[in-house]
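The values are calculated or read from the model by the stated rules, or taken from the named source; none is laboratory data. All of these numbers come straight from a predicted model, not from anything done at the bench. Reconstructed Cβ throughout: ideal geometry from the backbone, glycine too, with neighbour counts over all protein chains shown. The area values use the complete protein model at the heavy-atom level, side chains included, leaving out ligands, DNA and RNA. Shrake-Rupley method; radii C 1.70, N 1.55, O 1.52, S 1.80 Å.
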Amino acid sequence: MKISTKHTTTKLLSVIFIVTSALDNAFAAQSSDIDTSKQQLSHAVENYVKTELKQYTQVSDDNLTIKAMPLDERIVIPHCPVPFTISASKEALAQSNITVRASCEETNWYLYMMVKATRVQPVVVLTTSVSPGTVLNEDDVRVVMLDKNLIRTSTFSQINTVVGARMKKRSRPGQPVVPGQLCFVCKGDSILITANTGGVSIKTKGIAQQDGNLGDTIAVKNSKSKRVVHAQVINTHQVVVQI
């Protein structure tokens, strides 16, 4: 009986193709399962860190960004019949890059993961260059969200707290407005001193002896009596003496 070589070769190639396709599908399914396990673990770790930070730091969701760092492709996440146990120390949670331990008690398996936590807050920054003596208006500033770890000094979170203040230093666009850069009442300014007592309001003129922002208590010299009193700044041209 004569066997066709061409026919045999075709059948052999068909078998090889079927086996190869099956292996490819199996590898693809296994790779997909591994990727899904890693994604699930990453989400679980991120949710844990977010919950812990909200509890300990009272930060809101709007001011917090959590991102688990990608796992090495060679790491295989084994099946765990119970939910993973996730933990991190209080010291680690205070950092920007948080080390988290994920473990499966049933299989005695554990893994350390890195999670990046960015805590942001609203900060008033300049929109333009300003010179000393410039009185800020709403067009000079805007509010942006900045990483708290990059902020080294006190800042303002609302525009209305700086509008009307006078800049004491030359500053550039994008720079945060800080208390030391400005004054609502500046040393040497002529201002109105107000004192309320017994339902009577007493007003007189004075000279500021110190720089002051809204709410600050500064020394002011009464222009008539030359007496120095301490009064609270309430706007750019008035202070109030508490009696």
| field | FRET efficiency, V135 to S87 (Cβ-Cβ, R0 41 Å, nearest 0.05) | value | 0.15
| query | Which one of L111, F184, N160 is farthest out on the positive end of the charge dipole of the range 83-223, using unit charges on Cβ (Lys, Arg +1; Asp, Glu -1) and the Cα centre as origin? | reply | F184
| Residues with amide H under 5 Å from that of Q238, placed H, sequence gap 5 or more | L192
| request: For the range 137-178, just say rounded, prolate or oblate: build the C-alpha gyration tensor, square-root its eigenvalues into a ≥ b ≥ c, call rounded for a/c under 1.5, and beyond that prolate if a/b exceeds b/c, oblate if not. | output: prolate
| Which distance in nm do the two modelled labels at V76 and A219 give, with both placed 7 Å along the Cα-to-Cβ direction? | 7.7
| note | By the mean-Cβ-within-10 Å protection proxy, highest first, 214-223, 191-200 rank as 214-223, 191-200
| message | Apply the Karplus curve 6.51 cos²θ - 1.76 cosθ + 1.60, θ = phi - 60°, to the phi angles in the range 185-199 and return the couplings in whole Hz, x for Gly and Pro. | response | 10, 9, 4, x, 5, 8, 9, 9, 9, 10, 9, 10, 8, x, x
| field | the range 95-234, Cα convex hull volume normalised per residue, Å³ | value | 172
| task | Identify all lysines with a Cα-Cα distance to K90 below 29 Å; exclude those on the same chain that are fewer than 8 residues away in sequence. | result | K38, K50, K54, K67, K116, K148
| V200 to K54: FRET efficiency via 1/(1 + (r/R0)^6), r the Cβ-Cβ distance, R0 51 Å, to the nearest 0.05? | 0.50
| query | Taking the mean number of other Cβ atoms within 10 Å as a proxy for protection, how do you rank 149-156, 111-118 from highest to lowest? | reply | 111-118, 149-156
| At a 1.4 Å probe radius, carbon and sulfur cover how many percent of the accessible area of the range 66-113? | 51
| said: Binning at 5 angstrom from zero up to the longest distance, how are the C-alpha pair distances of the range 80-143 distributed in percent? | reply: 4, 14, 15, 11, 8, 8, 7, 7, 7, 6, 5, 4, 3, 1
| field | Using θ = phi - 60° and Karplus 6.51 cos²θ - 1.76 cosθ + 1.60, couplings along the range 136-141 (whole Hz; Gly, Pro as x) | value | 6, 10, 4, 6, 7, 9
| query | Which value in nm describes the separation of the simple spin-label points at A94 and H43, placed 7 Å from the Cα toward the beta carbon? | reply | 3.3
| message | Cut-off under 19 Å on the C-alpha distance; same-chain residues fewer than 8 positions from K203 excluded. Which lysines are left, in chain and number order? | response | K221, K224, K226
| task | Please turn the phi angles of the range 221-235 into ³J(HN,Hα) values with the Karplus equation 6.51 cos²θ - 1.76 cosθ + 1.60 (θ = phi - 60°), one per residue in order, whole Hz, x for glycine and proline. | result | 9, 5, 5, 8, 7, 6, 7, 9, 10, 10, 9, 9, 6, 10, 6
